[in-house]
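Student: Once you've had a glance at the structure underneath, I'll fire off some questions.
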Amino acid sequence: MSATDHSPAAGVLLLCRAEPDRVRPSAQLLREPLLLAPAGEEWTVLVPGEDAWHAEGASPAALTAEWAHALTVAEPWPAVGLWWDAEGAGFVVAVGFRRTVGYTWLADGSPLGEESAMTALRARLGLDPVLDAEAFDRLTLPDSDADAAARVLGLVAVLARAGLHLPPGLTPGTGAAELRAAADAAPEAEPVEWPGWRTMVRDGLDASERGPLGRWVRGPRARALGAVEVLAGVSLWALGRRGGRRGMKTAGAVLVADGALTLAYDVWRSRER
């Protein structure tokens, strides 16, 4: 089923393990209609707008993987993307340059994935290697009483142990329009919009400087990191263009933008001294 079907059973949630101020710049670089809201301590949820579903032929699973990868390709924090439609449900987990991995359940809840994806999810989120691993393992076992939406709800319940608390109404199995309305009503929710390059340099990277990686956004290391990101981004974008892979093009564009902003920010701060 494609995203253009606008099925009421289809939806996507992007869960970022970082505070909203750290997530906002990466979300802005996607240039998609998104709503951003806090989702617990050190968690942020992003809800795509209906316009983001207009990619012809794109399924929720493919869009989720693309967005999660692009959000984190230049960041140290991980993102978990949840998706569901009439055919099933699943998750993806992405962080940095690591391979984005995912897991799928068919509509009746039958597992259709590799357990290594569960291991990657636990490891990349830094969850308990024993208790949380056992909870994830149960999600890979047959269960005639759990359909696809129930499986994703079970996953959310495990993530709650790590501090995730979704705003009311952001429930797997809910349609995209209802998700958007619930996110809009959430406390401290805000639309994510592209503010232009000047504002991104002034506000977005200023927030990065205040964060734990602030030492990287100025000086020789910043210039080296920015140059590497630009070169890697150009390569990814070119590969995606030749191969017709939208996800690689998006990730490449994000890397180029992030690297260019890092270089511009370093120059700007140098002139202020």
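The values are calculated or read from the model by the stated rules, or taken from the named source; none is laboratory data. Just so it is clear, the structure is predicted and the values come from calculations on it, not from any experiment. Glycine also receives a Cβ, built like all others from the backbone with ideal geometry; neighbour counts cover every protein chain displayed.
Student: Go through (1) touching a residue at least 60 places away in the same chain (Cβ under 8 Å); (2) at positive phi one by one and return the number of the condition G96 breaks.
Tutor: For G96, the exception is condition (1).
Student: Conditions first: (1) part of a loop (DSSP other than H, G, I, E, B); (2) at pLDDT below 90. T140 passes all but one, so which condition is the exception?
Tutor: For T140, the exception is condition (2).
Student: Just a yes or no: is a residue in region 194-217 in a loop (DSSP other than H, G, I, E, B), surrounded by 19 or more Cβ atoms within 10 Å (Cβ to Cβ) and modelled with pLDDT under 55?
Tutor: yes
Student: Let me ask another. Within region 157-166, how many residues are in contact with a strand residue (DSSP E or B) (Cβ under 8 Å, 6 or more places away or on another chain) and crowded, with 20+ Cβ neighbours inside 10 Å?
Tutor: 3
Student: With the checklist (1) within 20 Å of the chain's Cα centre (by Cα); (2) more than 28 Å from P33 (Cα to Cα) in hand, flag the one item A162 doesn't pass.
Tutor: In the conditions (1) within 20 Å of the chain's Cα centre (by Cα); (2) more than 28 Å from P33 (Cα to Cα), A162 misses (2) alone.
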